[in-house]
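Notes follow the structure.
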Amino acid sequence: MMFLLFSESVENNKKRLNQKWKGVFSEAMPIRDYLPKFLCNILEITDRSKMDDSVRKVLENEEIIGAYVSNAFRYLLLLFFAAQLALNWKSGDALVNGIAFSIFTAVTIGHTYVIRTCTHWAIKGFSYLALVSDFFVISSLLLYYTLHQNSFDLGFAIKNPIMNFLFFPLAFSLIQFRLRYVVLSVILFYLVYFGIFSYALLYDKMVFAKDWGDYVMGPNVLVTDALFGRPMVYLILAFFFSFGILRTLIMIRRIGEGEAQRSLLSRYFSPGMVEEMMTNPNVLEGRRQTATILFTDIRNFTTLSENMDPLELSKFLSSIRETLTDCVFEFGGTLDKYIGDAVMATFGTPYPSADPASDAIRALQSGQRMLEKLGEFNKVRESKGLEPVRIGIGIHTGEVFSGNIETSKSSEFTVIGDAVNTASRIESLTKNFGKELLVSEETWKLAGANFIGETLPPIQVKGREKLVTVVAVGA
């Protein structure tokens with residue numbers, strides 16, 4: 001336990017230090033202020049700290065899959081290099097080729113081991129090592145065969161087909177789904193390529209061709225192609241790879257954030273309404289409207305729960321909530337919130353109905369379905385020798401403010417207003433009258449023609465000066 005607490009403390013300190021120094025550097029060097037807009041957008045897209053946890057997990061999973069796939073391709077390249085060694089056994093240096101092949105094989109096998117046994121961070125770190133190692137092996141082979149020619153001409157290195165092998169690390173960058181690998185591949189390629197080219201110019205170790213015929217048919221190098229053509233091919237290919245990765249990142253973020261939003265909305269709204277809201281998110285903007293509010297509460301919950309252990313109580317509450325919420329969604333209602341053992345739901349939000357009566361009718365139908373489902377729920381409980389569950393339901397229709405209530409750290413869609421308080425008070429009256437489903441006079445005027453009810457004597461409720469008249473539905 002002490003070790004866990006110590007580890008947690010160290011981790012928290014590291015996070016605080018990282019945030020502190022990140023803030024210091026961002027304030028001292030506002031790099032983004034000096035970058036083009038498209039680069040700022042790229043930084044924004046790839047900034048993991050601004051992604052949802054679900055999106056971040058999907059990306060990490062895709063990166064691990066990419067590491068597996070790139071590792072599988074390394075084994076295919078091993079077969080390709082083995083075939084090259086066999087075909088060029090007599091024309092090449094067997095010892096040097098064997099050493100290069102062994103290094104590539106060792107890195108490939110090491111990559112396999114790390115992927116299968118190590119953490120996500122170790123996999124990323126080893127991928128960087130493999131990338132640098134590949135450039136080192138290919139560049140070493142290229143320079144070795146250039147230095148061992150009869151005449152030391154670095155044009156041989158520029159035109160050597162081995163130079164094309166430097167495209168393989170770039171391809172691995174695409175498979176592994178990391179923009180940084182692409183950037184590192186470009187940097188390493190230009191260091192190798194222009195390092196050779198600069199040395200050749202400085203020490204006069206390259207013969208330049210006069211025209212394309214001399215360049216293509218002979219050993220000489222055309223300066224325009226060597227300086228611009230060949231390097232640009234690598235850069236253009238890297239740009240295509242980067243664009244493909246960015247497009248995929250954008251797609252994953254959109255899908256991930258959309259699914260996260262859909263999952264969040266599905267907790268509070270019926271499936272059909274979730275689909276509508278995904279296409280029209282502006283509906284969550286605040287507005288004043290008429291809505292019907294439903295409150296339900298478990299009778300004698302303290303007595304019911306006092307003999308339950310925490311796990312049993314959690315399962316019991318989850319089961320009751322799911323049953324009642326299903327009844328809300330069945331009639332197109334919105335789950336506003338859970339308040340302990342109470343459930344608050346609304347009808348007519350976030351989409352106000354053209355006729356408030358339809359919302360009131362659906363609220364009453366939902367209340368009746370709750371009582372029906374509760375009867376089935378209690379039959380199962382009684383068969384196990386458990387005490388049946390009783391609930392009280394209060395419904396009221398009135399004007400509310402409906403919309404997102406936001407703070408700096410959270411956002412909640414809810415309704416507020418005197419109508420909400422009145423609905424809650426009416427639910428409390430079910431205890432006074434010994435009834436299960438009570439509705440206000442306002443709601444009954446809208447929906448009463450469709451139901452059987454008994455008007456009860458007016459009663460004083462907290463927060464209201466006038467007496468409140470309620471109707472017991474289904475009496």
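The values are calculated or read from the model by the stated rules, or taken from the named source; none is laboratory data. Since we're looking at a predicted model, the values are computed, not measured. Don't worry about glycine lacking a Cβ; one is built from the backbone with ideal geometry, like all the others, and counts go over all protein chains shown. Side chains are part of the model used for accessible areas, which takes the heavy atoms of the whole protein and leaves out ligands, DNA and RNA. Shrake-Rupley method; radii C 1.70, N 1.55, O 1.52, S 1.80 Å.
Pull out the extension gain between Val233 and Asn61, defined as 0.36 nm times the separation in residues minus the alpha carbon to alpha carbon distance; nm, one decimal.
On the way: separation 172, 0.36 × 172 = 61.92 nm, distance 3.14 nm.
Residue separation times 0.36 nm, minus the Cα-Cα distance, leaves 58.8 nm.
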Worksheet item: In nm, to one decimal, how far is the modelled label at Ala94 from the one at Leu77, with both set 7 Å along Cα→Cβ?
Response: 2.6 nm
Item to complete: Classify segment 122-255 as rounded, prolate or oblate from the Cα gyration tensor: take a ≥ b ≥ c as the square roots of its eigenvalues, call it rounded if a/c is under 1.5, otherwise prolate when a/b beats b/c and oblate if not.
Response: prolate
Discussion item. If each residue of separation counts as 0.36 nm, what is the full-extension length gain between Ala354 and Lys210 once their alpha-carbon separation is subtracted?
Written reply: 43.6 nm
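What is the packing order of peptides 235-243, 292-300, taking the mean over residues of other C-beta atoms within 10 Å and listing the highest first? Show your work: numbers first, answer last.
On the way: 235-243: 14.6, 292-300: 24.0.
Ranking the peptides 235-243, 292-300 by packing returns 292-300, 235-243.
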Worksheet item: Can you list the HN-Hα couplings for segment 451-463, worked out from phi with the Karplus curve (6.51, -1.76, 1.60; θ = phi - 60°), rounded to whole Hz and with x for Gly and Pro?
Response: 9, 9, x, 10, 6, 9, x, x, 9, 7, 10, 4, x
Response to the item:
Residue-normalised value, i.e. accessible area per residue, for segment 172-226 at 1.4 Å probe, in Å², stands at 55 Å²
Worksheet item: Can you give the accessible area per residue of segment 346-445, in Å², using a 1.4 Å probe?
Response: 47 Å²
Discussion item. Residue by residue through segment 201-218, what is 3J(HN,Hα) from phi via Karplus (6.51 cos²θ - 1.76 cosθ + 1.60, θ = phi - 60°)? Round to whole Hz and write x for glycine and proline.
Written reply: 5, 5, 10, 6, 10, 8, 9, 9, 7, 8, 8, 5, x, 5, 5, 6, 8, x
Worksheet item: Relative to a virtual label point 7 Å from the Cα of Thr455 in the Cα→beta-carbon direction, which members of segment 420-449 show backbone nitrogen distances below 18 Å?
Response: 438-449
Item to complete: Could you calculate the FRET efficiency of Phe167 with Met251 from 1/(1 + (r/R0)^6), where r is the beta carbon distance between them and R0 is 22 Å, rounded to 0.05?
Response: 0.30
Worksheet, complete the sentence: Taking placed amide H atoms and a strict 5 Å upper bound, the residues 5 or more places from Ile391 or on another chain that come that close are Arg299
Worksheet item: Which ³J(HN,Hα) values, rounded to whole Hz and listed in residue order, are derived for segment 149-161 from phi using the Karplus coefficients 6.51, -1.76 and 1.60 in 6.51 cos²θ - 1.76 cosθ + 1.60 with θ = phi - 60°, glycine and proline given as x?
Response: 7, 4, 10, 6, 10, 6, x, 4, 5, 5, 9, 5, x
Worksheet item: Between Ala67, Gly110, Ser127, whose Cα lies farthest towards the positive end of the dipole of segment 60-131 when Lys and Arg beta carbons carry +1 and Asp and Glu beta carbons carry -1, centred on the Cα centre?
Response: Gly110
Worksheet, complete the sentence: Heavy-atom accessible area of segment 345-458 with neighbours in place, 1.4 angstrom probe: carbon+sulfur share in percent works out to 49 percent
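Could you rank the peptides 368-378, 306-316 by their average count of other C-beta atoms within 10 Å per residue, with the highest value first? Could you put the intermediate results ahead of the total?
On the way: 368-378: 16.2, 306-316: 11.0.
My ranking of the peptides, most packed first, is 368-378, 306-316.
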Worksheet entry | Nonlocal amide H pairs with Gly474, under 5 Å, H built at 1.01 Å | Ile452, Gly453, Glu454
Discussion item. 5 Å is the cut-off here: which amide hydrogens, built 1.01 Å from N in the peptide plane, fall below it relative to Phe208, excluding neighbours closer than 5 in sequence?
Written reply: Val221
